[in-house]
There are 2 protein chains.
Amino acid sequence: MLKGAVLDRAGHACATLDRETGAEHGPQAAVETVLAAVAELCRHPAAADAVACGLAVPGIVDPAAGRAVWSENLRWRDVPLRKLAEERTGLPVALGHDVRATGLAESRLGAARGHDQAMVVPIGTGIAAAIVVDGHVLDGAGMAGELGHIDVGHQDRCACGGSGCLEAIASAAAIARRYGARTGAPPAGAADVVQRMRSGDVAAREIWDEAVDALAHGLATACSLLAPAIIVLGGGLARAGADLTDPLAARLEQRLTFQRRPRVVLAELGDRAGCLGAGLLAWSRYDSGAASG
Amino acid sequence: MLKGAVLDRAGHACATLDRETGAEHGPQAAVETVLAAVAELCRHPAAADAVACGLAVPGIVDPAAGRAVWSENLRWRDVPLRKLAEERTGLPVALGHDVRATGLAESRLGAARGHDQAMVVPIGTGIAAAIVVDGHVLDGAGMAGELGHIDVGHQDRCACGGSGCLEAIASAAAIARRYGARTGAPPAGAADVVQRMRSGDVAAREIWDEAVDALAHGLATACSLLAPAIIVLGGGLARAGADLTDPLAARLEQRLTFQRRPRVVLAELGDRAGCLGAGLLAWSRYDSGAASG
């Protein structure tokens, strides 16, 4: 799902837009969906004074070159998205990465507001992290924050080709898949596993505990390396609420010795965080243009 | 050992000084050694035009407050070192952390020169990392970079109170200790274990391989999270040279799938890197003062 918004200077969404990406019709259709959505938002009365446009897309992104390098879901490859959007809108355009844009939004407008160092961790099909330092998100040539692919010591293979990867045991997709494999009763999704656990299903409890243990391992590692003041959990799995945060915070606490102890909280901005972050990138693009021009 | 230097604008050490810390006579003696060394360097002819002073110390440091909060080795606690050094020298003083100062020096003057993202990893009694992003070293409230305390999946206890810590199996101290425990023949140090390995000692080879495997695990984790372009190995263990870098780079390569692949190299600045980094902090302190004043 593509999500868009008209964002004012204070970070308030004055108008919003939701669209299916149309990626099932091929990468060109997905690109056209993005460009059409941007054009439609530009025509909204709330966007009459729009000064810049921001886009946040999944996969591998080259922000400096303005290119969407690769996305498995959208099946596009090396799309000059910034240039295309600038041609369509006549506005300066900033291009960013969806997870990092989400992290930017949660750090400026959401749950990590006011903290110098934060990690924002969306958990859904995969697990990623936006590492926020002094209000900026680490880029690492577009490759930083791959929390889902650190080895937490189990033996399962991961789709990336490695083994022991955190997301092979603790992503929403992995939780659903592992429950199905263990019980022979494939659930509708991770939310279904959570529901069964709440109803006393022993296998659901086991799968959940294994996921939470692995997450505690992964987050403890991140705490040693990065010393975040706060960890913000988002994505589909965060809908489990306290069933996720309470045991995870407790097990993280057990694993830490002298390290800085972060708060573990739920994301505040929901599934529009990425598009709010794209709007913040647009404002940064405008400010840097105003400064240099 | 305390190391000092007079550093010119280009990062060249015009004069140097080495002193025993005197920490065995208590924390006050260590503080006095630092202050006397700074005063002596200031009297050196090469320092006639000195404009600022930088100090890099181990343990926990609060750079903003200018306080050396705690050091196990020097046994000091909450020393207002910046203020004391300013009183002694009459110069503006910058206070930093030894590992992070080492990272700063290697990134500006040494092996990581020219790379946007780097990790500088001294391996000695412990294992730490300076995480360099765009020429700055992550601080994390003084707690970032604790690479030695990430869980790499062994069962040994660590002095920190945790288990599975990288430095409990792969620090120079751990390598010597584990060789002694396995063979009943305590070595003089990790260099001795390396020498025995080169002479065909099977136990030494095993201990070394276990350490390198654990280091590859830890560095692969850091690559997933931080995507450094280069990893610089320093400290006593780096004296093993290609016996360290070659197998480590190969095993790291095996562990990485899609992640950014860093070069793995030896540090260039040797055991004076920390004091060169302190000098760079001094220049930054001078520049920020000149800018604001």
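Every number here is computed from the coordinates shown, using simple stated rules; none is lab data. No experiment lies behind these values; they were computed from the predicted model shown. Glycine also receives a Cβ, built like all others from the backbone with ideal geometry; neighbour counts cover every protein chain displayed.
State all residues of the stretch A:29-49 that are under 19 Å from residue A:12 (Cβ atoms) and over 23 Å from the mean Cα position of the chain (by Cα); if no residue qualifies, say none.
A:42, A:44, A:45, A:46, A:47, A:48, A:49
Could you grab me the full set of residues in the stretch B:177-188 that are buried (at least 16 other Cβ atoms within 10 Å of the Cβ) and touching a residue at least 24 places away in the same chain (Cβ under 8 Å)?
B:178, B:179
With the condition kept exactly as written, say whether any residue in the stretch A:199-212 is free of Cβ contacts under 8 Å to residues at least 12 places away in the same chain, in contact with a Ser or Thr (Cβ under 9 Å, 6 or more places away or on another chain), more than 13 Å from chain B (Cβ to nearest Cβ) and on the phi < 0 side of the Ramachandran plot.
Within the stretch A:199-212 (the criterion being free of Cβ contacts under 8 Å to residues at least 12 places away in the same chain, in contact with a Ser or Thr (Cβ under 9 Å, 6 or more places away or on another chain), more than 13 Å from chain B (Cβ to nearest Cβ) and on the phi < 0 side of the Ramachandran plot), the answer is yes, since at least one residue qualifies.
With the requirement that a residue be touching a residue at least 40 places away in the same chain (Cβ under 8 Å), more than 10 Å from every other protein chain (Cβ to nearest Cβ) and buried (at least 23 other Cβ atoms within 10 Å of the Cβ), what does the stretch A:114-131 give you?
Answer for the stretch A:114-131, where residues must be touching a residue at least 40 places away in the same chain (Cβ under 8 Å), more than 10 Å from every other protein chain (Cβ to nearest Cβ) and buried (at least 23 other Cβ atoms within 10 Å of the Cβ): A:118, A:120, A:121, A:122, A:123, A:126, A:127.
Only one residue in A:268, A:253 is without any contact (Cβ under 8 Å) to a residue 12 or more places away in the chain and either within 8 Å of chain B (Cβ to nearest Cβ) or out of contact with any Phe, Trp or Tyr (no Cβ under 7 Å at 6 or more places or on another chain) (or both). Which one?
Among A:268, A:253, only A:253 is without any contact (Cβ under 8 Å) to a residue 12 or more places away in the chain and either within 8 Å of chain B (Cβ to nearest Cβ) or out of contact with any Phe, Trp or Tyr (no Cβ under 7 Å at 6 or more places or on another chain) (or both).
Considering only the stretch A:133-147, state which residues are without any contact (Cβ under 8 Å) to a residue 60 or more places away in the chain and more than 7 Å from chain B (Cβ to nearest Cβ).
Within the stretch A:133-147, A:134, A:135, A:136, A:137 meet the criteria.
Can you tell me how many residues within the stretch B:56-94 are under 22 Å from residue B:144 (Cα atoms) and either in a helix (DSSP H, G or I) or touching a residue at least 60 places away in the same chain (Cβ under 8 Å) (or both)?
9
Could you check, for the stretch B:92-107, whether at least one of its residues is of a type outside the set (D, E, K, R) and at positive phi?
Within the stretch B:92-107 (the criterion being of a type outside the set (D, E, K, R) and at positive phi), the answer is no, since none of the residues qualifies.
Just the residues that are within 13 Å of another protein chain (Cβ to nearest Cβ), in a helix (DSSP H, G or I) and aliphatic (A, V, I, L, M), please, taken from the stretch B:216-240.
B:216, B:219, B:220, B:222, B:225, B:226
For residues in the stretch A:153-176 being surrounded by fewer than 24 Cβ atoms within 10 Å (Cβ to Cβ) and under 21 Å from the mean Cα position of the chain (by Cα), which is nearest to the other protein chains (Cβ to nearest Cβ)?
Among those residues, the one meeting the criterion is A:160.
Out of all the residues in the stretch A:12-46, which are among the charged types (D, E, K, R) and assigned to a loop (DSSP other than H, G, I, E, B)?
The answer is A:20, and nothing else.
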